[in-house]
Amino acid sequence: MNKHALITGVTGQDGAYLAKLLLDKGYRVYGLVARRSTDTSWRLRELGIASDIEFIEGDLADACSVQRAVIKSRPDEVYNLGAQSFVGSSWDQPVTTGIVDGLAVTHVLEAIRQFSPESRFYQASTSEMFGLIQAERQDESTPFYPRSPYGVAKLYGHWITVNYRESFNLHASSGILFNHESPLRGIEFVTRKVTDAVARIKLGKQKELRLGNIDAKRDWGYAGDYVEAMWLMLQQDQADDYVVATGRTASVRDMCALAFEHVGLNYQDHVVIDPRFFRPAEVDVLLGNPAKAQRKLGWSARTTLAELVAMMVEADLRRVSKE
Ligand code: NAP
Ligand code: F7E
C-alpha cells in the first residue's frame, strides 16, 4: 500500500521539492491549494510533477477546508509548509501573517487530533525565531527572540506543535530550518533577486541591482537537501524538534560577489544600496548548529553556497535568455 502524504504549501519552493521526493518514494501526494486568480503551479511544472499531485482546494485560515483535506487524503504524514513566508511583507500584512503562519497551525493539528490521530505531522519552523540571536551558534536549546511579525507568528506555530505533541501524544515534529534557496526560490527573496539580476545584467537587459542591508549574514543551504531532513523527521520513532542548517554563515555581500563572479562581473559595479529595502527591525546574523540532525537523522547539508549560487545563476541565465 502506498503511503499518503498531505502537503500544505505544495506550490511553494519546499512544497515542490518535497512533493517530488515523496512521489519518487512511491507516496500518493495530496496538496492543499488556496484559490488564486492566477496559476501558481510553475514550480511543479518545472519539476514535471504537476499532474501527479491530487489537489484539494482550501486555505489554512479556513479550518473547515483543512479538516476536509485531512479527512479526504487519509494521510500517513502531513507536512505543514503553507505560509506567508516573506519576512518583508509581514510588516505590511501582520494580521494575515499571524493567522496563516501562527493560529492556522492549530487548524491542522486539531484536524489531525480529531480525524486522523495516527498521522505524523511536520511543522515548518524557522531560524527567524532566533532573530536577535542569544547564542553565537543557534541550536534547539537557544532561546528565541523573533524580530518580525513573521518570526512572532512562527513562534506560535512552533510552540503549539510542541504543545500538541505533549498534550495529545501526537507524532508532531518541528523543523527549525535556516534559510534554504534554489532555482525555485521566489523572486522577492534576496538570493533569487540577485541571481535573476545577474542573469539580466549579463544578458544586457538590466543595468543595476538595488538592495538593502547587504551586511546581513545568513546560514544558506539548498532546499533540495532540506526537504530530505523534513521526511527523515517523520520516519523517527519519536517526534522531536531539529535545527537544520549548514553550520556556515555568509553575508548578502559575499553571496552577491559569488553570483556576479560566476558570470565574470564585479558586484560593486552594479549593486546600489536603496533604503526602501531596509527592514524596520533586522536579523543581523544567523548561524545554525545542525549537530542533532546529523546525529539523530544522519542528515547533513551536501551543497555549498558556491554550488548553490552557481546552480541558481545558471537557471536564471536559461530563463532570461528564453524570454
Ligand atoms: P513559499 O515558496 O513562499 O511557499 C509558501 C506556500 O504557502 C505556497 O504554496 C503558498 O501558496 C502557500 N500558502 C500561502 N498562504 C496560504 C494559505 N492561506 N493557505 C494555504 N496555503 C498558503 O515558501 P517556502 O520557501 O517553500 O517555505 C515553506 C515553509 O517553510 C514556509 O512555511 C516557510 O515559512 C518555512 N520556512 C522557509 C524557509 C526558507 O528558507 N525557504 C526557512 C524556514 C522556514 P500560493 O503559491 O498559492 O500563495
Ligand atoms: O532576506 C537582506 C534582508 O528576504 C535575507 C524566508 O525564507 O529565510 C527567509 O527569510 C537578508 C535579510 O530572507 C535585500 O534584510 C538585503 O537580512 O532573502 P530574505 P529572510 O528574511 O532571511 C527564513 C529562514 C524564513 O523562514 C523566511 O520564510 O537579506 N536583504 N537586501 C534583502 N532581502 C530582500 N528580500 N531583498 C533585498 O533587496
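The values are calculated or read from the model by the stated rules, or taken from the named source; none is laboratory data. Remember, predicted model here, so these are calculated numbers, not experimental data. No Cβ is skipped: glycine too gets one built from the backbone with ideal geometry, and neighbour counts run over all protein chains shown.
Of the residues in segment 2-60, how many are in contact (Cβ under 8 Å) with a residue 60 or more places away in the chain and within 10 Å of ligand 1 (Cβ to nearest atom)?
Final tally of qualifying residues: 12.
Count, please, the residues in segment 46-74 that happen to be part of a loop (DSSP other than H, G, I, E, B) and closer than 20 Å to Val100 by Cβ. Step through it out loud before you land on a result.
So in segment 46-74, the residues part of a loop (DSSP other than H, G, I, E, B) come out as 47-49, 53, 58-62, 74.
Checking which are closer than 20 Å to Val100 by Cβ leaves us with 58-62.
Residues meeting the conditions: 5.
Return the residue satisfying two criteria in turn: it lies in segment 20-48 and is under 17 Å from Gln235 (Cβ atoms) and either touching a Gly at 6+ places or on another chain (Cβ under 7 Å) or of a type in the set (A, V, I, L, M) (or both), and of such residues it is nearest to ligand 2 (Cβ to nearest atom).
Applying the filter and picking the extreme gives Leu21.
Go through segment 265-307 and report how many residues are within 29 Å of Gln235 (Cα to Cα), touching an Asp or Glu at 6+ places or on another chain (Cβ under 6 Å) and among the aliphatic types (A, V, I, L, M).
Residues meeting the conditions: 3.
I'm checking my understanding of the structure. Among residues of segment 76-101 that are surrounded by 24 or more Cβ atoms within 10 Å (Cβ to Cβ) and away from ligand 2 (no atom under 14 Å from the Cβ), which one is nearest to the chain's Cα centre (by Cα)?
Restricting to residues being surrounded by 24 or more Cβ atoms within 10 Å (Cβ to Cβ) and away from ligand 2 (no atom under 14 Å from the Cβ), the top hit is Tyr79.
I need a count of the residues in segment 110-130 that are among the small types (Gly, Ala, Ser), over 13 Å from Tyr79 (Cα atoms) and either outside the structural domain of Leu18 (by TED's automatic domain parsing) or within 11 Å of the chain's Cα centre (by Cα) (or both).
So the count comes out to 1.
Filter segment 178-192 down to the residues that are within 9 Å of ligand 1 (Cβ to nearest atom) and buried (at least 16 other Cβ atoms within 10 Å of the Cβ) and list them by number.
Across segment 178-192, the qualifying residues are Phe178, Asn179, His180, Glu181, Ser182, Leu184, Arg185, Phe189.
Mind listing whichever residues of segment 280-301 are in a loop (DSSP other than H, G, I, E, B), more than 16 Å from ligand 1 (Cβ to nearest atom) and of a type outside the set (S, T, N, Q)?
Pro280, Ala281, Glu282, Asp284, Gly298
Being hydroxyl-bearing (Ser, Thr, Tyr), touching a strand residue (DSSP E or B) at 6+ places or on another chain (Cβ under 6 Å) and either at pLDDT 95 or above or more than 16 Å from ligand 2 (Cβ to nearest atom) (or both) narrows it down to one of Ser73, Ser51, so name that one.
Ser73
Condition first: basic (Lys, Arg) and assigned by TED's automatic domain parsing to the domain that holds His107. Can you find one or more residues in segment 143-162 that meet it?
Yes; the residues of segment 143-162 include at least one that is basic (Lys, Arg) and assigned by TED's automatic domain parsing to the domain that holds His107.
Restricting to segment 24-55, what's the tally of residues that are of a type outside the set (D, E, K, R), farther than 20 Å from His4 by Cβ and surrounded by 16 or more Cβ atoms within 10 Å (Cβ to Cβ)?
2
For residues that are in contact with a strand residue (DSSP E or B) (Cβ under 7 Å, 6 or more places away or on another chain) and more than 12 Å from ligand 2 (Cβ to nearest atom), tally how many sit in segment 209-226.
1
Could you tell me which residue of segment 78-97 is farthest from Ser174 (Cα to Cα), considering only residues that are more than 7 Å from ligand 1 (Cβ to nearest atom) and assigned to a loop (DSSP other than H, G, I, E, B)?
Restricting to residues being more than 7 Å from ligand 1 (Cβ to nearest atom) and assigned to a loop (DSSP other than H, G, I, E, B), the top hit is Asp92.
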